[in-house]
Amino acid sequence: VQLQASGGGLVQAGGSLRLSCAVSSRTFSSYPVSWFRQTPGAEREFVAGVGRSSGSTSYTDSVKGRFTVSRDNTRNTVTLQMNSLKPEDTGVYYCARTRIQYTIPTVPGLYDVWGRGTLVTVSS
């Protein structure tokens with residue numbers, strides 16, 4: 001199983017970015033996928049996650065109403081649409097897969113496969 005995140009970049013506050021996570025796995029639709037972000041010196045934190053279908057999602061409070069996570073099980077991709085970006089959204093964003101099927105964990109240690117991060121920088 002491999003995950004590849006893309007779509008990061010530099011954007012002004014108030015702008016938007018769309019991150020994508022491509023997953024190479026025959027069992028992609030069986031497991032939740034989440035996005036985490038990390039800044040220097042800080043712990044990796046949960047941002048948003050999607051269950052086995054886009055009908056089940058979870059968000060950290062600071063991004064609710066601004067970010068939308070979804071998945072396309074026909075294309076093995078998970079997307080994070082980020083709107084109204086703030087400087088505090090800056091960080092390296094990672095997508096990760098968990099083998100816990102019936103909930104969306106927020107603890108990084110419960111995810112077994114991680115993609116390389118993509119850097120998001122929001123300028124003020």
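Numbers for the structure displayed
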{"read-out": "Selected from S62, Q2, P40, residue furthest toward positive end of dipole (the chain; charges at beta carbon)", "value": "Q2"}
{"read-out": "Neighbourhood charge, 13 Å Cβ-Cβ cut-off, centred on S123 and excluding it, Lys, Arg +1 and Asp, Glu -1", "value": "-1"}
{"read-out": "Alpha carbon centroid spacing (whole Å) that separates the stretch 108-123 from the stretch 40-56", "value": "9"}
{"read-out": "Per residue accessible area of the chain, 1.4 Å probe, in Å²", "value": "51"}
{"read-out": "Relative contact order (%) - the chain, alpha-carbon pairs under 8 angstrom, separation at least six", "value": "36"}
{"read-out": "Most to least packed among 11-20, 100-109, 76-85 [average Cβ atoms within 10 Å]", "value": "76-85, 11-20, 100-109"}
{"read-out": "Alpha-carbon radius of gyration plus Dmax, which is the widest Cα pair, for the chain in Å", "value": "13.3, 42"}
{"read-out": "About the Cα centre, charge dipole magnitude for the chain (Lys/Arg +1, Asp/Glu -1 at Cβ), debye", "value": "360"}
{"read-out": "Accessible surface of the chain [probe 1.4 Å, protein heavy atoms]: carbon and sulfur percent", "value": "46"}
{"read-out": "Cα-based Rg of the stretch 35-84 normalised by 2.2 N^0.38 Å, two decimals", "value": "1.20"}
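The values are calculated or read from the model by the stated rules, or taken from the named source; none is laboratory data. In this text, all values refer to a predicted model and were calculated from it rather than measured experimentally. All Cβ positions, even for glycine, are placed from backbone atoms using ideal geometry, and neighbour counts span all protein chains on display. Ligands, DNA and RNA are stripped out before the accessible areas are found, and what is left, the full protein with its side chains, is counted by its heavy atoms. Shrake-Rupley method; radii C 1.70, N 1.55, O 1.52, S 1.80 Å.
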